[in-house]
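This report concerns only the one structure given below.
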Amino acid sequence: MKKSLCSLLTLTFLLLAANAFAGDIPDMKGTWVCDATVVASVERGIYENQSAKSTLVIEEQQGRVFTGHKTWVVKGKIFTEKIVGGIASDGEIYISEENDGQILGDLNKRGDSFVVFYVESGSTAKVVELTYKKAQ
């Protein structure tokens with residue numbers, strides 16, 4: 001009887017712990033919008049780009065990893081690229097793009113916005129700061 005009670009209590013504890021950790025994972029699915037950026041470029045120095053528009057669409061998420069696409073506008077021209085990413089337990093975001101570049105940043109505690117840095121190396125190296133907010 002004592003073994004059964006101990007086993008039942010252990011199982012209950014494990015189930016509660018699993019549920020607590022599962023609720024810990026932010027839901028990244030949906031559309032995230034950025035209205036302006038700050039750029040540090042080896043070609044042009046540091047500047048704000050108020051006309052830069054960017055959208056991340058997270059289409060699928062399983063646990064802490066996700067897939068989707070990024071769309072952005074430069075000088076009136078629209079670009080789209082597939083992305084894959086993950087979110088660490090501390091809110092750190094990691095995104096890799098289909099063609100080049102990586103995005104690293106942090107999700108806020110409410111889970112409704114994040115600040116990331118797009119990083120691209122090479123002769124036209126740049127770092128771009130973007131703040132994304134979840135679209136309603």
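The values are calculated or read from the model by the stated rules, or taken from the named source; none is laboratory data. Note that this is a predicted model, so its numbers are computed, not measured. As a convention, Cβ positions derive from the backbone with ideal geometry for all residues, glycine included, and neighbour counts pool all protein chains shown.
Numerical summary
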read-out: Condition check for residue 116: at pLDDT below 95, part of a strand (DSSP E or B) and under 15 Å from residue 130 (Cβ atoms); value: no
read-out: Residue ID - surrounded by the fewest Cβ atoms within 10 Å (Cβ to Cβ), chosen from residues in the stretch 61-85 that are of a type in the set (A, V, I, L, M, F, W, C) and modelled with pLDDT under 95; value: 78
read-out: Residue check, residue 58 at pLDDT 95 or above and either of a type outside the set (A, V, I, L, M) or in a strand (DSSP E or B) (or both); value: yes
